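See below for the structure under consideration.
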Amino acid sequence: MTFEKNPLSGVSSGLLLAIVVGTFAYSIKSVINYPAADSLVIALILGIIIRSFIGEQSKFNSGLKFAPVVFLPVGIIFYGAKNLNFAKLAEVDRSIIFLVIIVIVMYFAVILLLGKLLGQRKQITYLTAAGSAICGASAIAITSPAIEADPDDISVSLLAVALAALLGFSLILPFIAAFLNISCSTHCLASGSVLQFTGLVKVSNQFVPFLSKDMPTDKMIDMALSVKALRYLGLLIVIPLLASLMKNKFYVPWFLWAFLAAGLIGTWFYTKQYTFFTMTITPYLSAIHTFSWSVAIAAIGLNADIRQLLSNNGSKAIIMAFAGFLTATATFFAGFYIITLL
């Protein structure tokens, strides 16, 4: 039977491959069970590796293009229910909220400016900015359909942000923390404000054991995650802004409304049924959106051209991601010390 007579046969093979690779990436993350390991990054790398071995296979193309169309929106909705929490605004001091906003603005300002100066593709520039300023791979996954990014755009920007995040988390931020001799609570505020991936925020204090512990470890993690949660709210502005810039007209993607609605429902459960929501519902929400995005990103990796990762666009994206992180980090510490003096 030919593809023309039965289009689903072409879709099913590529879709099945994406599901298998995505499931494997999700399983690796579950077995490792380390917050800093991101299943989306694992899925992308596995997809790229497999693609480099099997080459371009036309029989998989339809399914690999179809997988993100289905699994990205599903992940967006469940991600919103878990992470778009408006109630957490009340848990953070107003001065820190203002500082986080400034950090996000600086992330975008530097990366968008460098993207313009370096002649970077708009899609890569926007995804690198969103992934750096908001929430790493998750922000890239959410933003990509809004700006019609192709697999190479997503792969290049995700790997650039991941590289900047890992070096910033393990080397740059600990060095600054030691040089300034800050407390662990200040380091938590810094990690929640500037680190790109939520998993890195959860374990950031493990890399600074030399700092004075001025509060219990669980309280420090809660503080860092509350600050990080503020950045998720930025997606409500970033997505329509970037989508409108891409289309040269005001545009709000349909899935943003679903994302917002899911966040409002999740916030209601968080405030009214805190224990039930955090202990029972949240693990399922996390599992569904992580698995869905693992499949989508695996399909993107399987459909990406590894030559693009080694191209000028790849090196430019790395420069942009690092410059954004360094600027955002400097902005946080400058702003924080101004706040403490007031």
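The values are calculated or read from the model by the stated rules, or taken from the named source; none is laboratory data. What you are looking at is a predicted structure, and each value in this text was computed from that prediction instead of being measured. We place every Cβ from the backbone using ideal geometry, glycine too, and count neighbours over all the protein chains shown.
Mind checking whether some residue in the stretch 233-247 is surrounded by fewer than 13 Cβ atoms within 10 Å (Cβ to Cβ) and within 19 Å of residue 92 (Cβ to Cβ)?
Filtering the stretch 233-247 for residues surrounded by fewer than 13 Cβ atoms within 10 Å (Cβ to Cβ) gives 237, 247.
Filter once more, keeping what is within 19 Å of residue 92 (Cβ to Cβ): 237.
Yes, some residue in the stretch 233-247 is surrounded by fewer than 13 Cβ atoms within 10 Å (Cβ to Cβ) and within 19 Å of residue 92 (Cβ to Cβ).
Would you call residue 220 modelled with pLDDT of 85 or more and either part of a helix (DSSP H, G or I) or surrounded by fewer than 19 Cβ atoms within 10 Å (Cβ to Cβ) (or both)? Full working, then the answer.
Values: modelled with pLDDT of 85 or more: no; either part of a helix (DSSP H, G or I) or surrounded by fewer than 19 Cβ atoms within 10 Å (Cβ to Cβ) (or both): yes.
In short, no.
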Scan the stretch 185-205 and tell me whether some residue there is among the hydrophobic types (A, V, I, L, M, F, W, C), surrounded by 24 or more Cβ atoms within 10 Å (Cβ to Cβ) and in contact with a Lys or Arg (Cβ under 7 Å, 6 or more places away or on another chain).
yes
Looking at the stretch 289-303, can you tell me whether even one residue there is within 21 Å of residue 131 (Cβ to Cβ), of a type in the set (Ser, Thr, Tyr) and more than 16 Å from the chain's Cα centre (by Cα)?
no
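Could you check the stretch 111-128 and list, in sequence order, the residues that are farther than 17 Å from residue 152 by Cβ and either more than 18 Å from the chain's Cα centre (by Cα) or surrounded by 23 or more Cβ atoms within 10 Å (Cβ to Cβ) (or both)?
Narrowing the stretch 111-128 to residues farther than 17 Å from residue 152 by Cβ: 111-114, 116-117.
The answer is 111, 113, 114, 116, 117.
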Got at least one residue in the stretch 149-165 being farther than 17 Å from residue 48 by Cα, at pLDDT 90 or above and surrounded by fewer than 23 Cβ atoms within 10 Å (Cβ to Cβ)?
no
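Quick grid of which residues meet (1) assigned to a helix (DSSP H, G or I); (2) modelled with pLDDT under 95; (3) surrounded by fewer than 23 Cβ atoms within 10 Å (Cβ to Cβ); (4) in contact with a Lys or Arg (Cβ under 8 Å, 6 or more places away or on another chain):
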{"residue": "31", "(1), (2), (3), (4)": "yes, yes, yes, no"}
{"residue": "34", "(1), (2), (3), (4)": "no, yes, yes, no"}
{"residue": "50", "(1), (2), (3), (4)": "yes, yes, yes, no"}
{"residue": "59", "(1), (2), (3), (4)": "yes, yes, yes, no"}
{"residue": "90", "(1), (2), (3), (4)": "yes, yes, yes, no"}
{"residue": "97", "(1), (2), (3), (4)": "yes, yes, yes, no"}
{"residue": "104", "(1), (2), (3), (4)": "yes, no, no, yes"}
Return only the number of the condition from (1) outside any loop (DSSP other than H, G, I, E, B); (2) buried (at least 21 other Cβ atoms within 10 Å of the Cβ) that residue 146 does not satisfy.
(1)
Checked 342, 326 against criteria (surrounded by 14 or more Cβ atoms within 10 Å (Cβ to Cβ) and not aromatic (Phe, Trp, Tyr)); the one match is 326
The lone condition residue 303 fails out of (1) modelled with pLDDT of 95 or more; (2) surrounded by 18 or more Cβ atoms within 10 Å (Cβ to Cβ) is (1)
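Going through the stretch 190-216 one residue at a time, which ones are part of a helix (DSSP H, G or I) and either in contact with a strand residue (DSSP E or B) (Cβ under 7 Å, 6 or more places away or on another chain) or small (Gly, Ala, Ser) (or both)? If you could, list the steps in order and put the result at the bottom.
Step one: filter the stretch 190-216 for residues part of a helix (DSSP H, G or I), giving 190-194, 198-207.
Selection gives 190, 191, 192, 193, 199, 204.
If you check residue 135 against the conditions, is it out of contact with any Asp or Glu (no Cβ under 7 Å at 6 or more places or on another chain) and farther than 30 Å from residue 254 by Cα? Quick ask: steps written out before the conclusion?
Details: out of contact with any Asp or Glu (no Cβ under 7 Å at 6 or more places or on another chain): yes; farther than 30 Å from residue 254 by Cα: no.
No; evaluated as a whole, the condition is false for this residue.
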